[in-house]
Amino acid sequence: MDIVKDIKNLLAGMGITGKHLGRHAITIQYPEEKWTMPERSRGIVVLLSDKKTGELNCTGCELCMRACPTGAIMVHAPRDEKKKRHLKAFTIDFSLCCFCGLCEDACNFCALKMAPMYEFSTDDKESLTWDMKTLQEIGRDVDYVDTRKKKKPVKKTEAAKPAGKPADKSADKPPDKSAEPALPEAKPATEDEPTTDQPSGNETKEGEQ
Amino acid sequence: MIWPVAFAELRPIFDWLYDMVSSTGLPEPWLSVVIYTGLGAMMFGVLAVLALYLVWWERKISAHIQQRFGPMRHGWHGWYQTIMDAIKLLQKEHVDVATRDKFVFFWAPVMCFVAAFLAYVTIPFGEGLIVADLNIGVLYIMAVTTFTIISLLMAGWGSNNKYALLGGMRSAAQVVSYEVPMVASILVVVVFAGSLSMVDIVRAQDGMFYNWFIFRLPFGPIAFLTYIVAATAEANRTPFDIPEAEQELVAGFNIEYSGMKFAMFFLAEFVNMFTVSAIAVTLFLGGWNGVFLPSWFWFLLKTFAVVLLLMLFRWTYPRLRVDQLMEFAWKFLVPLTFANLILGAWMKYAGWYW
Amino acid sequence: MPDLRTEEFVVNMGPHHPSTHGVCRLILTMDGEKVLKIVPVVGYLHRSLEKICENRTYPQCIPILDRFEYVTAMSCNYVFSLAAERLAEIEVPERAEYLRVIMLELNRIASHLIFYGVTAMDIGALTPFLYGLREREMIMDLFEMTCGQRLTFNYIRIGGVAKDIPAEFIPYCRKTVSVIREKLNDYEGLLNENPIWLVRNKNIGVLPPDVGIAYGVSGPSLRASGVDYDLRRDDPYSIYDRFDWKVATRSNGDCYDRYLVRLDEIKQSVRIIEQALDGLPEGPVKAKVSPNFKPPEGETYARVENSRGELGVYIQSDGTKKPYRVKTRGGSFNQLQVLPVIGTGGLIADLVAIFASLDIILPEVDR
Amino acid sequence: MTPDELKDAVAGKLGDKMSLLDTGRMVPMFEISAANLLTVAESLRDDAALKFDYFCNLGAVDKTERFEAVYSVASIVHKHRLDFKVILDHDHPEIDSVQEIWPAANWYEREMWELFGINIRNHHNLTRFLLPDDWDQGNPMRRDWDAPDFEKLPEL
């Protein structure tokens, strides 16, 4: 009969909720307990330091700044007369950051990493702009694998390096192109890239088949 | 003095209080007024705490059904969380809409609160634990619980908000409709007990559990089920909570209320839930009857079991639509309960019962 | 005696209303509880993603378009990458295709689980929402261990995927799909045969197939009306043709069928994921794509089957690093358009049920 | 039909009104003059072999000297898809509404009208759509549109 079936189904529903009543909660009490974040988790961007010297890995190449889709990263690294960059300022505005990880992929020098940290809420928007010192302090104890190439910085050969490299480690690196007025003499790497870059030069060279 | 029949177990305390009050030398009518006010205040205190406790309980139950923790911060498993909530709500600012009907808007939560508590005059919490054993107890309860809808209508109208108005109208239609099957299912019990007094009805179910009306009446289970369904609707609980259906009417009749006024509606809802469960226990589940343990304990145990049932309803079932709700009441529940009532009355007349 | 008459009144449902998922405003003309006219007002979530994309390079567009349809952000990643790959004619490695399929299907399940919970919540049952999210969390964990984010992934890139999966992915993924398969019994037991659920959903908001096609309704909402049309099969992309799966259809086109189709799709997705995990080849996960990705001049409209229907991106390239024009198209856009057609005449409670069953989310409409 | 067959079929049936462009990828892209739009659309939908009954997408492109309205239509039965575009004058862009043929086009046309300022003839409901009600800053999707508070990324 219809009513009997309906009542049976209603009771079956109560059985399911009743069954769960005795189970243990699957949530956790957040500030007391915390998840262990997976190592790839994209949280705060931190600046990494060399494990031996303790100095920043960042060379001020500004690749991350160009890769950033929101303009959250500002790198100030003027060149001296010998065309060598000196990193003066590195700020990240976390109120703009969208945690996409493109800066991490763009970086060739293991200079920055998205650490699995997420607790940086504040009631002041201004204080979300973090400077180089802070980012370095936080990045001190962040573990990372040093994948930097120990190549001699020969001018022209290094130019081809970053272009070929990201495909090997499957990192997507979208730096900007050459016509940048703000950066008069871009590093040879970025200078050369657009010219070598054919419009359809994207064939899979080592893809199977 | 009228009251001493009740409160057999708490007699010494009441005697002491009575002596205290009477030693002031107050003349008789005023003495009763003072004593009943005191009793009312006690009842109010107990029920307010009970309602807060029920809120906490509901939150814990829902949390555990959903595999969450629920309140955990205040005390052991957050046991005084709702007390803190109530204190917070007391302190909150009242935001009143400018276009409200001042008088109606103000008195609606008060009415709701008062109506929710009035029923407790005739609910026997235990053997002799009753404020007043009225000889029209059931009728009285039916009368005052229906009082709630006036307050909901007032809230809906006074808020000057379309959602609130829809909620008020829905609740009026709903409560009036479900009053009919509810009374009809209760009447079976009254017919068998032969009395409208709550105490007499409980006394008619003396003894072991097979003497309870739910098992004893020819159609006791049907009467009980229809009563529970109608009572869920009366208490505006989930399968029938269309007056405040939050996905449709945002919050229904109490959409414009804030702070303590909202808290009064909220607490009244939980007091109502306890009321209908207590009535169900009194009428169908043998009231305070039980073995070994004190009578009030049995009563509370059974009532909380029914409350738990209502809570399981709420956290399991979806909500009916307003016209389906009416259809269910008038096309299904009313015929069923009246058939049950007629059959029961005939059996009582013919003597076919045990 | 004056005539007894009723008066129509206008109710503003939204922009902030519990059952308009996101910020949508429906101006309802009502006669009592009955809805006489529905005028959707959208745009509260308009972030001009298309304009933003015109000022970003191709790889930078992907995290921006994550926000386009954030419940299934993998599809957004994928459809943009697909369009860009078609423009530049990039061959994607085998392993990347498998990973993409796994991720897309996991995300489809996650989205349908949200649908399950939200629909139940709109009809008044609160517990299924938490149950749906409970299993969704496992999928989110999978995404997080793979690409680092739970909601806006930026995982599927032009030419492949961003990173290879970690070692613990495959066992955890197998566990997840088996848990989901098992928990589907709970979901169905809670609602499928529940008489209240049936009366609230059966024969409510019937969408005839011709109306659905005319209004561009797509995805599960259209398949519930009996139209056997699934882009995974009918406009082939990726490697769906290698797996053994069925297109889930139902015939009545009411809210209940739209609900059932989505539950069926979860089962099909579970099948696809299991087969993809079995057949996952070794190899690179990304084709060689220059960091300065510049597709040749051209234009294309790519579309994929999303959990809400057809998700499409039109890209016009002028040969530079930045797309000249990006036009996005989401399934909800058309489904919200058809809401006045099938929602008028019912009660306000039906409208809520229809809105929920069409699975409309507003970022997809407003973009 | 495969794209190539479709190309031939469409060219054979409507070759006088549509011309094939080479910019389309994967799916053939045709060009239609604005005057022919309605007749072509109707025959695309009603022709038994083509039967483009499903409206996918409509997007306008501002090419600074002209506007392009790009239509994507598909067939549920034959499972093929076709794109075509209509070139519009930049100074007085105006196009016929196809919402009588594909009702789904209604909102796409409203969006086009609002964001690009392309006038839609015979549209039933050209009202404010995505932008705020008090919007008075022109058509934001045009290439030359620039709002005072619109911050571009630093060009590097």
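Quick rundown of the values:
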quantity: Nearest-10 value in Å² for the accessible area of residue D:124, using the 1.4 Å probe; calculated: 130 Å²
quantity: Largest-first principal axis extents of the Cα set of the stretch B:26-91 (Å); calculated: 59, 25, 18
quantity: Solvent exposure, largest accessible area first (probe 1.4 Å, DNA, RNA and ligands not counted), of C:290, B:23, D:33, B:185; calculated: B:23, D:33, C:290, B:185
quantity: Accessible area (Å², per residue) of the stretch C:48-366, counting only protein heavy atoms and a probe of 1.4 Å; calculated: 22 Å²
quantity: Per residue solvent-accessible surface (Å²) - chain D, probe of 1.4 Å; calculated: 44 Å²
quantity: From the C-alpha gyration tensor of the stretch D:3-91, square roots of 5λ in Å; calculated: 21, 13, 13
quantity: Shielding score for C:39-52, defined as the mean number of other chain Cβ atoms within 10 Å; calculated: 4
quantity: Chains D and C together, accessible area buried on both sides, 1.4 angstrom probe, square angstrom; calculated: 4000 Å²
quantity: Average accessible surface area per residue within chain B, 1.4 Å rolling probe, Å²; calculated: 42 Å²
quantity: Within chain C, helix-based [θ] at 222 nm, where runs of 4 or more DSSP H residues each add -39,500 (n - 2.57), nearest 500; calculated: -15500 deg cm²/dmol
quantity: Surface/4 of the Cα convex hull for chain B, nm²; calculated: 19.8 nm²
quantity: Heavy-atom accessible surface that C and B bury in contact, both chains counted, 1.4 Å, Å² to 100; calculated: 2600 Å²
quantity: Relative contact order of chain C, defined on C-alpha pairs under 8 angstrom at six or more residues apart (%); calculated: 26 percent
quantity: Projected-area mean, the stretch C:5-73, by convex hull of Cα positions, square nanometres; calculated: 5.8 nm²
quantity: For the stretch B:197-247, Kirkwood radius (reciprocal of mean inverse C-alpha pair distance, Å); calculated: 12.8 Å
quantity: Distance (nanometres) between label positions extended 7 Å along Cα→Cβ at residue B:323 and residue D:149; calculated: 4.6 nm
quantity: Heavy-atom accessible area, 1.4 Å probe, ligands and nucleic acids excluded: residues of the stretch C:247-296 down by at least 20 Å² from chain alone; calculated: C:284, C:286, C:288, C:290, C:291, C:292, C:294, C:296
quantity: Accessible area in the full protein assembly, largest first, 1.4 Å probe, for C:181, C:95; calculated: C:181, C:95
quantity: Cα gyration tensor of the stretch C:254-367 - equivalent ellipsoid semi-axes, whole Å, descending; calculated: 35, 24, 8
quantity: Solvent-accessible surface ranking, highest first, for C:146, D:23 at 1.4 angstrom; calculated: D:23, C:146
quantity: Relative packing of C:41-51, A:55-65, D:133-143, C:119-129, which averages over residues the other C-beta atoms within 10 Å, highest first; calculated: C:119-129, A:55-65, C:41-51, D:133-143
quantity: Antiparallel %, DSSP beta bridges [both residues in the protein assembly as shown], to 5; calculated: 90 percent
quantity: Protein accessible surface hidden between C and A, which excludes ligands and nucleic acids, total in Å², probe 1.4 Å; calculated: 4200 Å²
quantity: The protein assembly as shown - percent of accessible surface contributed by carbon and sulfur, probe 1.4 Å; calculated: 60 percent
quantity: Chain D, Rg to Rh (Cα coordinates; Rh as Kirkwood inverse mean 1/r); calculated: 1.01
quantity: For the stretch A:5-55 and the stretch B:75-105, distance of Cα centres in Å; calculated: 32 Å
quantity: Helix D:3-14 vs. chain D, principal-axis angle (Cα, 0 to 90°, nearest 10); calculated: 90 degrees
quantity: Residue D:21 versus residue C:89: modelled label distance in nm, points set 7 Å from Cα along the beta carbon direction; calculated: 1.9 nm
quantity: For the protein assembly as shown, Kirkwood radius (reciprocal of mean inverse C-alpha pair distance, Å); calculated: 33.0 Å
quantity: Zone of residue B:160's modelled label, taken as backbone nitrogen in the stretch B:212-256 under 18 Å from a point 7 Å along Cα→Cβ; calculated: B:253-256
quantity: Crossing angle, helix C:94-123 versus chain C [Cα axis fit, 0-90 degrees, rounded to tens]; calculated: 20 degrees
quantity: Residue-averaged beta-carbon neighbours from other chains (10 angstrom radius) around C:148-160; calculated: 5
quantity: Centre separation in Å (Cα based) which lies between the stretch B:47-70 and the stretch C:304-340; calculated: 46 Å
quantity: Label-to-label distance, nm, for residues given as residue C:3 and residue C:167 (7 Å Cα→Cβ offset); calculated: 8.2 nm
quantity: Partner chain coverage, peptide A:65-71 - average Cβ within 10 angstrom; calculated: 6
quantity: Coordinate range along principal axes, alpha carbons of the stretch C:48-366, Å, largest first; calculated: 58, 41, 29
quantity: Using alpha-carbon coordinates, inclination of helix D:105-116 to the longest axis of chain D, degrees; calculated: 40 degrees
quantity: Residue A:141/residue C:282 FRET efficiency (R0 35 Å; Cβ-Cβ; nearest 0.05); calculated: 0.50
quantity: Listed pairs C:267/C:327; C:51/D:79; B:162/B:261; A:5/B:302; B:102/B:261; A:88/A:113 exceeding 22 Å between Cα atoms; calculated: C:267/C:327; C:51/D:79; A:5/B:302
quantity: R0 of 30 Å, Cβ-Cβ distance residue A:39-residue A:128: FRET efficiency to nearest 0.05; calculated: 0.75
quantity: Tail fraction, Cα-Cα pairs, the stretch D:107-151, threshold 14 Å, whole percent; calculated: 48 percent
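The values are calculated or read from the model by the stated rules, or taken from the named source; none is laboratory data. Remember, predicted model here, so these are calculated numbers, not experimental data. As a convention, Cβ positions derive from the backbone with ideal geometry for all residues, glycine included, and neighbour counts pool all protein chains shown. Heads up: the accessible areas ignore ligands, DNA and RNA and are worked out on the full protein's heavy atoms, side chains in. Shrake-Rupley method; radii C 1.70, N 1.55, O 1.52, S 1.80 Å.
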